[in-house]
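Written out below as structure tokens is the structure these notes cover.
The values are calculated or read from the model by the stated rules, or taken from the named source; none is laboratory data. Since this is a predicted model, take the numbers as computed values, not measurements. Neighbour counts are summed over all protein chains in view; Cβ atoms, including those assigned to glycine, are modelled from backbone coordinates with ideal geometry.
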Amino acid sequence: MEQDITLKKEGQGLAFLKPMLVKLTSKFQQGDLISWLKKSGITILSIALFLGLWHLGSKALYNKEANYKIEKALTEQGQEAADAERACIASGDSSCQPNTLPAPSQVWASLQSLIADHKVITADKAAFAQKMEATNEKLIAQGKDAIVYTGRASFIDIVLTSIKTVFAGFLLALLIAVPIGIIIGLSPSLRSAFNWFIQIFKPVSPVVWYLLVFMIVKTLYIGDSSDNAFVISFISVGLCAMWATLVNTAMGVSSVDKDYINVAKVLKLGTFQKVFKVILPSSLPLIFTGLRITLSVAWMVLIAIELLAQSQGLGLFVWEEFQNGANDSNSKIIVAMFVIGIIGFLLDRLMLMVQNMVSFNKNEGV
């Protein structure tokens, strides 16, 4: 009897799992498990195929460049030099390795190296902060600026800088594009009046936007010795990426069901009430579609703009590694490429999640 009571109590303790187990069991009965396994298997197979083709391609390119170096040494310096070149390449010496597409294993090694480098730099920052703590307290008490760490940034710091820049640019795009889109969407006359402006400036290259912003910011901050790279970068990103949100907001507002507008008139809602209670909720699906496009465009153009602005982000990192030409530079560039792609995907999923939270029009997205 005591054992039965104990079992019942244990069962009550796990009662919260029952709905989940029932749901999972019903899904398995419907064949969802088999479908999920098929999809997962296909995904894993495609990843393995991609890595295999990548490995074979990098190996073929490596062999081609290695043979070229050996043949060049043979032609210019003779058999002895060619043998020395072949031996050097076979030894793995970085001074004579072909500088071509890295293999997946080399990229993985570079990723681990970048992570280890981040740990070292983080430790250096902590040691510097501890060392300068007393000095900085005195400087702050005197109304002076504290001494900050000015050493090199780690790869993680660089990624975080790019994310901060893209979100600042996205926020700027939202604050400019959504209000203007609502205003011109409410008036056919304004849409016609501003159409030329949108059509001319929408396709302008991010490089040109950067140069325009640089001209303005340089003049506004004239005489200021502070680094304006971040300001120039996020403003350029915002101006370059805002057009999809502007167009979609105007389209969403202009296409609101007339019955909703008539109901607002019957209820005698004010202009602001009509916008926030009727027009905006009806326009949210299109507005969020524009915002998703804007965020994707912002992330894409960010790399070029950071390169031009010399902002400590992924764009400058890729360019410096390309210019550096070290043995592992190509591998680090590929690491950055994957990081850029993964973050871009996650940003799009984030926007889709927010859209589904605030909009009545649920969209699974692709």
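Can you find, within segment 304-315, the residue that is modelled with the lowest pLDDT among those that are surrounded by 22 or more Cβ atoms within 10 Å (Cβ to Cβ) and assigned to a helix (DSSP H, G or I)? Applying the filter and picking the extreme gives ALA309.
Across segment 71-128, the number of residues qualifying as surrounded by 12 or more Cβ atoms within 10 Å (Cβ to Cβ), farther than 30 Å from PHE338 by Cβ and either within 35 Å of the chain's Cα centre (by Cα) or modelled with pLDDT of 90 or more (or both) comes to 1. Taken over segment 179-198, the criterion of being surrounded by fewer than 16 Cβ atoms within 10 Å (Cβ to Cβ), over 27 Å from the mean Cα position of the chain (by Cα) and assigned to a helix (DSSP H, G or I) is satisfied by PRO188, SER189, LEU190, SER192, ALA193, ASN195, TRP196, PHE197.
Taking the listed residues TYR260, TYR210, the one that is of a type outside the set (A, V, I, L, M, F, W, C) and in contact (Cβ under 8 Å) with a residue 60 or more places away in the chain is TYR210, with no other qualifying. Going by the structure shown, is LYS218 among the basic types (Lys, Arg) and more than 16 Å from THR249 (Cα to Cα)? So LYS218 passes the test.
Checked against (1) closer than 26 Å to SER58 by Cα; (2) in contact with a Leu (Cβ under 9 Å, 6 or more places away or on another chain); (3) not assigned by TED's automatic domain parsing to the domain that holds LEU49, ALA81 passes all but a single condition, namely (3). Of all residues in segment 224-257, those being over 30 Å from the mean Cα position of the chain (by Cα), in contact (Cβ under 8 Å) with a residue 24 or more places away in the chain and not in a helix (DSSP H, G or I) number 3. The residues listed here are LYS125, LYS164, LYS144, LYS131; of these, the one that is in a helix (DSSP H, G or I) and farther than 30 Å from LEU347 by Cα is LYS131. When each of LEU346, LEU286 is tested for being within 11 Å of the chain's Cα centre (by Cα), part of a helix (DSSP H, G or I) and either on the phi < 0 side of the Ramachandran plot or free of Cβ contacts under 8 Å to residues at least 24 places away in the same chain (or both), the lone residue that passes is LEU346.
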